[in-house]
There are 2 protein chains.
Amino acid sequence: MRTKVPQDGGRSLAEMVAARIREQVIHGGFSPGQHLSEAELSDSLEVSRNTLREVFRVLTKEGLLRHEPNRGVFVATPDMATIVDLYRVRRIIQVEILEQAFSGHPAVRKMREAVERAKEAREAGDWLVVGSADLAFHGAIVALADSPRLDAFFSHVLAEMRLAFGLLSEPELLHSPFIELNEEILKLVELGKRSEAASRLEKYLVNAERVVLGAFTRH
Amino acid sequence: MRTKVPQDGGRSLAEMVAARIREQVIHGGFSPGQHLSEAELSDSLEVSRNTLREVFRVLTKEGLLRHEPNRGVFVATPDMATIVDLYRVRRIIQVEILEQAFSGHPAVRKMREAVERAKEAREAGDWLVVGSADLAFHGAIVALADSPRLDAFFSHVLAEMRLAFGLLSEPELLHSPFIELNEEILKLVELGKRSEAASRLEKYLVNAERVVLGAFTRH
DNA sequence: AATAGATTATTTGTTGAACAACAGAAAGCC
DNA sequence: GGCTTTCTGTTGTTCAACAAATAATCTATT
C-alpha cells in the first residue's frame, strides 16, 4: 500500500512523515510491538531510508517507538508498568499544578471547552472524540503552569496514554464516567478552590488508573 | 581539529557521537547560539553527514540543540525565560516528589553520597565537581519517585541547567551556599519529615533561581 | 523429535556523492 | 541608502553501496 506523504508548505518532509507515523501509532495503525522495517516503510511512504531514520530517532525520543540497536525499531508496547508510571507522572505533575492554579488563567477556558466537547460527543455516541476531549482537558490542566517544557513532556505522556487506550476496546468504560468528574474539577478551579480541585483530581487519577489496569488485566 | 570518535564496544556510532556532542555542549565546547555546520562537524568528527543529522535530531529533542528547518542547528541559548521555566519545572516536580518521599528509599543513599562528594570537592576547591554533585543530589530527589519517565525528563532538565550554569563564570557562587541546605533537606528526608523537607526545598529553589537570574543579569 | 551448530539471507548502521531547495550574502541599479 | 537581482553556501533529501549484526534456514548429532 503506497501512501506518499503530501507536501505541506513550510514543513519539512521529515516532520510530516513523523506526524503521519505518530498518527498511525496512536490510532492503532500498527500493532503493539510491531517491527517497523526501514526498507518497507520507506518504500510505502516513498521517502528515503535516511529520512525515515531521522523520523525514527524523533519518535523514539517521544516514547512511541522503541529503538533497539542493530535489531531495528518497534512500536512501543504499553504494559502495566507503563500505565503505572504514566499515572504516577500525572499524579505528581497535575496535582501539584492544580494546587497552584489560579482561576483567571486562560487555560481554564480550554478546560471548559474540552468538557463541553466531551458532553456533546457523548450524546452523539462518538467515543473517540470523548476520549480526545478528556485527554485535552488534562493537557489544559498542565497548561495552567505556563511551562513549555512541561507542556512538551506532557504531550508525550498523553500520546503514550492514547496508545495504551488504543489497545483496549472499551472506550465508553474508559472515558464516560469521568466527564462529570472533569466538570467538577473545572468548577472548583473556576471557584478558586485549588486544594479541593487537586484533591478531586488525585482521586480521579487513582480511580482511572484502577479502571485502566483492570481493562489491561482483562486483555 | 579532527577528533574521530573512538569505537566503544556495543554502542552505535551515532550514540557515541551524540554523547560527544552532548558533553561538548554542556561543558562549553561550543558557544551559546553557535551554528553547528553539518559539513564541518561531520568532517571534524569523521562521520557521515547522515549520521550527524540523526544525532542532531536526538539532541534537539533533549533541548541542547535548536533545529531550525533549512537554516540548520544551533546550540541552545539558555536565557532568563529558560531559567524561569527550568526552576518552575523543578518546583512542581521536585517539591511534590519530596512531599511523598519515604526515608527508606534507596535513592536517599544517592542523595547522601552527593552531599558527601560536594563537601569533599569544596575542600579541594574543585567547583566543577561541586556543581555536578549538587545536580546529582537533585536527580536523586527525582529518583525517589521511581518513575523512569520523570527520571529521563529530569535528566534533560539537568543537562539544560548545566548548559546554563556553563554560561556563568561563578561556580562558587552558584553551588557553595547550597551544600549545607542540601544536607539539611537530606536529614529531614532521613528523619521522615517530608513536608519540612519539601518546604525547605521549595525555599532553596526560589533562592537558587534568584541567584542564577542575578548572575544572568550581570552578564 | 529435539537440539546445537553452521550457513545463508535479511536488515540495520553507516558512508559518500549528488542534486534540489532554501537562506543569506554580495552585487547591481535607481 | 534602499531595493532588487544574482550568486554562494548550506541544508534537506535521495540513492547506491557495503560492512556488521541479527534472524532465518539448513544440516548434523543425539
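Tabulated results
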read-out	value
Fraction of alpha-carbon pairs over 30 Å apart in the protein assembly as shown - percent	50
Other copies of B:D79: label-to-label distances in nm, shortest first, labels 7 Å along the beta-carbon direction	4.5
Stokes-Einstein D in µm²/s, Kirkwood radius over Cα pairs - chain B at 37 °C with 0.692 mPa s viscosity	177
Loop-located chymotrypsin sites (Phe, Trp or Tyr not before Pro) in the stretch A:99-139 whose Cβ has at most 12 other Cβ within 10 Å (DSSP)	A:F102
B/A buried area, accessible surface, summed, 1.4 Å probe, Å²	2700
Net charge of neighbours whose Cβ lies under 10 Å from the Cβ of B:G131, counting Lys and Arg as +1 and Asp and Glu as -1	-2
Per residue, in Å², the accessible surface of the stretch B:80-217 once ligands and nucleic acids are set aside, probe 1.4 Å	41
Chain A, dipole about Cα centre (Lys/Arg Cβ +1, Asp/Glu Cβ -1), debye to the nearest 20	320
Kirkwood hydrodynamic radius (C-alpha pairs) into Stokes-Einstein, the stretch A:96-219, 37 °C and 0.692 mPa s, D in µm²/s	224
Shielded residues, the stretch A:19-68 - accessible-area loss of 20 Å² or more between chain alone and all protein chains, probe 1.4 Å	A:N50, A:R53, A:E54, A:R57, A:V58, A:K61
Within the accessible area of the protein assembly as shown (1.4 Å probe), percent carbon and sulfur	51
Computed [θ] at 222 nm, helices only, for chain A once each DSSP H run of length n ≥ 4 contributes -39500 (n - 2.57)	-22500 deg cm²/dmol
Mean projected area (nm²) of the alpha-carbon convex hull when the stretch B:13-75 is viewed from all directions	3.7
Residues whose placed amide H lies under 5 Å from that of A:L65, excluding near-sequence neighbours	A:T60, A:A76
Karplus 3J(HN,Hα) series, Hz, for the stretch B:149-161 with 6.51 cos²θ - 1.76 cosθ + 1.60 (x for Gly, Pro)	5, 5, 4, 5, 4, 5, 5, 5, 4, 5, 4, 5, 5
Shortest-first nm distances, A:H67 label point to equivalent points in other copies (7 Å, Cα→Cβ)	1.0
Net charge of neighbours whose Cβ lies under 11 Å from the Cβ of B:V142, counting Lys and Arg as +1 and Asp and Glu as -1	0
Computed FRET value (nearest 0.05) for B:F102 with B:S31, which takes r as the C-beta separation and R₀ as 60 Å	0.85
All-pairs alpha carbon distance profile, the stretch B:51-137, 5 Å steps from 0, percent	3, 12, 12, 14, 15, 17, 14, 8, 4, 1, 0
Teacher prompt: A:T217 distances to equivalent labels in other copies, 7 Å Cα→Cβ, nm	5.6
Difference of contour (0.36 nm per residue) and Cα-Cα distance, A:D8 to A:E196	63.2 nm
Rounded to whole Hz, the Karplus (6.51, -1.76, 1.60) HN-Hα couplings of the stretch A:60-69, x for glycine and proline	5, 4, 7, x, 8, 10, 10, 9, 10, x
Integer Hz, Karplus 6.51/-1.76/1.60 couplings in order for the stretch B:13-24, x for Gly and Pro	4, 4, 4, 6, 5, 4, 4, 4, 5, 4, 4, 5
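The values are calculated or read from the model by the stated rules, or taken from the named source; none is laboratory data. For clarity, every value in this text was computed on a predicted model and none was experimentally measured. Backbone-built Cβ (ideal geometry, glycine too); neighbour counts: all protein chains shown. The protein model used for the area step is the full one, side chains on, heavy atoms only, and it has no ligands, DNA or RNA in it. Shrake-Rupley method; radii C 1.70, N 1.55, O 1.52, S 1.80 Å.
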